[in-house]
Amino acid sequence: WAKSDGKAKWALFDPERNAREVARFTLSATMPAAIERGEFYLDYQPLVRLSDGQLVGAEALVRWRHPEFGLLAPDRFIGLAEETGQIVPLGRWVLREACRQARLWQDRFGQRAPFISVNLAVRQSRDPSLVADVAKVLAETGVEPGRLQLELTESAVMGTADEPLDALRALSAMGVRIAIDDFGTGYSNLAYLRHLPVHELKIAGSFVEGLRASAADGSHVVDARIVGTLVSLAHALGLGVTAEGVETEAQARRLDDIGCDSGQGWYFARPGPPDQITRLLS
Ligand code: C2E
Ligand code: MG
Ligand code: MG
Ligand code: MG
């Protein structure tokens, strides 16, 4: 797979596609060593209580400082890592690193420390060692289980297989919080949702986007009704609800009026280094 070779051979019909393939190949081949070399790091984005603006949590979002391709956002490598199975060791690293940071906040701020929210890929939720991994990391880092939230997508929890559900029940019994990420974009079986060990719904940013003053086509009215319905649904199920992608003060106010508990988005803060959270708490 000499790169020069590839170029010479494929350039004639689709150089862009070839470059993408080479990048994908390089990324997946170098991922294991990249974990060892410390090329991944986590940014943290505040989760804010809408009623009083208190910082209550922080979502850990992984980034890859790649020596050749520069700074990579997760959509460049998470899907790929899922395909290759690398998501399991990468996910373990993310969990450990996030909990290491959570412990620092726990020691410094006590009860005021934010809970830490960690994304789990579908493949991780099906990994038989998930529960043991989480228990081990919590024990080793000394993070209280109630200060860890795991974010799963609808497809991860709505499957028919029992194993992931058993894992979620075990995690929930340990005191770990479970959130459904990007709620509303997948296929949720509402009857089934009632029986899941879930604590929080995170409403996808695409619904929040429409919460502006007005749109020529009246779509803002529909979006506001959808968000209102999702908030009512969450509360009827006894769950907390967080809105993602909150970009304006108007959206934050509207969400608070609707009864949404928490918000996350550029209006409050962009994802950033852990210092950002520490400063907000100080
Ligand atoms: P997500 O879990 O839904 O995370 C929220 C995404 O929305 C983040 O993108 C965040 O930077 C972005 N965001 C936050 N506020 C706003 C806003 O006001 N407006 C807009 N337009 N976007 C906003 P990011 O960091 O690029 O992550 C993308 C996705 O990658 C995440 O979506 C999550 O599904 C996945 N991901 C990130 N870190 C991890 C990880 O450690 N493990 C796994 N399995 N997936 C991860
Ligand atoms: Mg998330
Ligand atoms: Mg999300
Ligand atoms: Mg997302």
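Only the coordinates and a few stated rules stand behind these numbers; no lab work does. Being a predicted model, the structure only gives us computed values, none of them experimental. Virtual Cβ from ideal backbone geometry, glycine too; neighbours counted across all protein chains shown.
Measuring max minus min along each principal axis, the C-alpha atoms of the range 58-194 give extents of 42, 41, 27 Å (largest first).
Rg over Rh for the range 133-258 works out to 1.04, using Cα positions for both radii and the Kirkwood form for Rh. Please give the Cα centre distance for the range 141-197 versus the range 225-272, rounded to the nearest Å. Result: 19 Å between the Cα centres.
Calculate the translational D of the chain in whole µm² s⁻¹ from Stokes-Einstein, where the hydrodynamic radius comes from the Kirkwood formula applied to all Cα pairs, the temperature is 20 °C and the viscosity 1.002 mPa s. Diffusion coefficient, whole number: 106 µm²/s.
Working from Cα pairs under 8 Å separated by at least six residues, relative contact order for the chain is 18 percent. Applying 0.36 nm per residue to the separation of ARG270 and ASP257 and subtracting their alpha-carbon distance, the gain on full extension is 2.4 nm.
Sorted fewest first by neighbouring Cβ atoms within 10 angstrom, SER282, SER129, SER117 come out as SER282, SER129, SER117.
With 0.36 nm allotted per residue and the present C-alpha distance subtracted, the ASP52-ARG37 stretch has 1.3 nm of extension available. Residues of the range 162-185 falling in the label zone of VAL122, defined by backbone nitrogen less than 17 Å from a point 7 Å along Cα to beta-carbon, are 162-165, 180-185. For ARG112 and ALA170, a Förster radius of 41 Å and the Cβ-Cβ distance give a FRET efficiency of 0.90, rounded to the nearest 0.05.
For the range 172-282, averaging the sequence separation of C-alpha pairs within contact (under 8 Å, six or more residues apart) and dividing by the residue count gives a relative contact order of 23 percent.
What helices in the chain pass both tests, a Cα length along the helix axis of 15 Å or more and a mean Kyte hydropathy of 0.0 or higher, using whole DSSP H runs? Once both thresholds are applied, what remains is 130-141, 162-174, 219-236. Residues THR242, THR30, ranked from the fewest to the most other C-beta atoms within 10 Å, line up as THR30, THR242. When the GluC sites (Glu not before Pro) in the range 25-101 are filtered for DSSP coil states and for at most 14 other beta-carbon atoms within 10 Å of their beta-carbon, the remaining sites are GLU68. Under 20 Å from a label point set 7 Å out along the Cα-to-Cβ vector of ARG96, the amide N atoms of the range 261-275 belong to 274.
May I ask you to list the residues of the range 60-81 whose amide nitrogen lies under 16 Å from a point 7 Å from Cα along the Cα→beta-carbon direction of ARG24? Correct set: 75-81.
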